[in-house]
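Data first, discussion second: the structure below is written as structure tokens.
Throughout, read-outs are computed from the coordinates displayed, never taken from laboratory work. As the structure is a prediction and not an experimental result, all values here were calculated from the model. Neighbour counts run over all protein chains shown; Cβ positions are idealised from the backbone, glycine included.
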């Protein structure tokens with residue numbers, strides 16, 4: 001029995017040594033391979049940087065002359081660079097890629113069994129803005145690998161074709177991160193607005209919310225009326241929040257009334273606070289009186305956002321804050337606004353003495369306004385001349 005145990009221990013120890021040696025060998029091989037790749041990519045990388053720095057005016061022939069092995073080593077860097085450059089440099093680098101056959105190879109790799117190859121191919125085609133690759137990349141929105149789906153979303157945003165708006169919104173059920181879809185739609189731009197407005201009536205709340213976020217990011221001011229209608233009728237809390245955020249980005253006089261309605265008691269505090277913030281974002285000076293009332297709101301986030309909104313809407317808002325902060329009888333320190341309202345404090349109307357919490361919110365907002373105000377111009381230096389001359 002003891003002999004069998006000893007043999008088992010020796011076999012286990014040998015296996016550990018062999019596995020350790022194999023792991024060390026793999027690390028050595030990977031290190032050597034990476035060093036070889038780095039050596040191969042060194043000269044092409046310099047040529048690539050010089051080409052981009054020159055906006056593609058010269059150096060294309062040098063990039064085209066790079067050997068296939070060296071180009072393979074530098075291609076990941078080149079693809080990453082292609083996604084960052086704009087204008088003439090992007091057009092020139094795209095031409096180099098196409099002449100080297102990078103786009104055609106990427107098309108064939110979209111159906112590879114390796115998810116890394118599929119993702120890299122989609123990324124490359126997105127940076128190349130290969131319009132005719134749109135159907136194949138849209139198909140990757142259904143890929144079994146989440147990372148491939150994410151790259152496909154970004155690639156469609158890079159291609160910039162409005163026809164991708166429908167598949168992108170449909171991909172939200174796969175699932176795909178909603179914020180990535182919204183940003184991809186925003187990159188595509190105004191051409192997606194009809195599809196996004198139609199999506200506001202979709203049954204899936206996430207689709208409606210993402211469409212609202214995208215409309216706000218695009219700056220679709222013509223969609224304010226449709227967003228107002230949705231905010232009035234919408235039952236889902238997250239969609240209503242998205243509508244308020246969109247109105248805060250888009251602004252306009254027609255957004256003030258629905259945003260004020262969203263600040264009123266009876267709505268969730270998160271929505272009321274977001275609506276107050278949105279009124280500040282659009283600089284709604286006409287909402288000053290209503291925002292001033294909210295400084296005494298029992299919900300701290302609502303009162304805080306109302307005070308900051310008054311600070312951001314300019315002189316009219318600052319006047320309301322000053323009137324509350326300097327109310328007679330409120331001199332001296334007041335309660336920390338992060339605390340709870342006293343039982344004797346209540347929401348007050350105009351003309352009444354505001355509770356201590358409203359005064360504290362006003363003073364905090366005024367203090368922040370003073371800290372963030374642009375510095376006053378420096379007085380002139382040197383001797384001051386009176387403008388009178390001696391005779």
What order do you get for 11-19, 246-254, 177-185 when each peptide is scored by the mean count of other beta carbon atoms within 10 Å, highest first?
177-185, 246-254, 11-19
At residue 289 and residue 11, where each label point lies 7 Å from the Cα along Cα→Cβ, what is the point-to-point distance in nanometres?
9.1
So what is the relative contact order of segment 192-255, in percent, for Cα pairs below 8 Å that sit 6 or more residues apart?
36
With R₀ set to 30 angstrom, the calculated FRET efficiency between the beta-carbons of residue 111 and residue 202, to the nearest 0.05, is 0.50
Mind checking the full-extension length gain between residue 67 and residue 46? Use 0.36 nm per residue of separation minus the Cα-Cα distance, one decimal, nm.
6.1 nm
